[in-house]
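Written below as structure tokens is the structure these notes are about.
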Amino acid sequence: MTLFILFAAFGPGPETARPYIAMNYAAMLQKSDVAVIGVFVSERADRDPIDAEMKSLEKYVEGVTTKLRVVCVLKGEVKSGEVAVRHHRMRREEQRSMVGGGLGNGPMLAAIQAENDYIVFLRKRADGRFECVSGHMDSACSVKRLEPRAPVDLDPRTGKPL
């Protein structure tokens, strides 16, 4: 009884809860214009205004465009062999100040890094780039790192490179 009272008095309350919609792979695939397996090419901060969904976090986040080389198209059409994904990341100065912390109940931002393959579920933007189908606030839900990464040209019998 005492433990319950302590939790009720000091535990997380509904005022700190932030709703988000969890989508499974089938729902993301259905909702997306394009779904691809891609490899990181580059990332750059852009000068575009923060997307409306992220306006309340403008002090903490910045818009970025990440390019992925398309390895496999699962849905839709990709003409150039690359996709440019508009999403957000924590500002560099905020990353340093939040070691071990973060924005409580904050966004789940996609972190796309070199040397990794990703499956991404995207919708087309008016400017020709793409954005995560799960939205800007929780873009990590639409970007999944694939593991383990292995060379494609392995001998299936021995596992050694061809």
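The values are calculated or read from the model by the stated rules, or taken from the named source; none is laboratory data. Computed from a predicted model, the values in this text were never measured in an experiment. So basically every Cβ, Gly included, is an ideal-geometry build from the backbone, and we count neighbours across all protein chains shown.
Contact list please: Cβ distance under 6 Å, first residue in the stretch 126-138 and touching a residue at least 24 places away in the same chain (Cβ under 8 Å) and closer than 10 Å to residue 53 by Cβ, second residue surrounded by 19 or more Cβ atoms within 10 Å (Cβ to Cβ) and of a type outside the set (Lys, Arg), pairs at least six apart or on different chains.
Within 6 Å, the pairs are 136/54; 136/88; 137/107.
Can you work out which of the residues in the stretch 56-75 that are of a type in the set (A, V, I, L, M) and touching a helix residue (DSSP H, G or I) at 6+ places or on another chain (Cβ under 9 Å) is nearest to residue 109 (Cα to Cα)?
61
Has the stretch 143-153 got at least one residue that is under 21 Å from residue 23 (Cβ atoms), under 10 Å from the mean Cα position of the chain (by Cα), modelled with pLDDT of 95 or more and β-branched (Val, Ile, Thr)?
Looking through the stretch 143-153, none of the residues is under 21 Å from residue 23 (Cβ atoms), under 10 Å from the mean Cα position of the chain (by Cα), modelled with pLDDT of 95 or more and β-branched (Val, Ile, Thr).
All but one of (1) of a type outside the set (Gly, Ala, Ser); (2) crowded, with 17+ Cβ neighbours inside 10 Å; (3) assigned to a loop (DSSP other than H, G, I, E, B); (4) modelled with pLDDT of 90 or more hold for residue 109; which doesn't?
Here residue 109 clears every test but (4).
Looking at 63, 38 in this structure, which one is buried (at least 16 other Cβ atoms within 10 Å of the Cβ), in contact with an Asp or Glu (Cβ under 8 Å, 6 or more places away or on another chain) and farther than 14 Å from residue 142 by Cβ?
Matching residue, one of 63, 38: 63.
Residue by residue, here is whether (1) among the small types (Gly, Ala, Ser); (2) part of a strand (DSSP E or B); (3) loosely packed, with under 11 Cβ neighbours inside 10 Å; (4) at pLDDT 85 or above holds:
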residue: 67; (1), (2), (3), (4): no, yes, no, yes
residue: 79; (1), (2), (3), (4): no, no, yes, yes
residue: 122; (1), (2), (3), (4): no, yes, no, yes
residue: 134; (1), (2), (3), (4): yes, no, no, yes
residue: 158; (1), (2), (3), (4): no, no, yes, no
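If you take the residues in the stretch 1-20 that are surrounded by 10 or more Cβ atoms within 10 Å (Cβ to Cβ) and in a loop (DSSP other than H, G, I, E, B), which one is modelled with the lowest pLDDT?
It comes out as 12.
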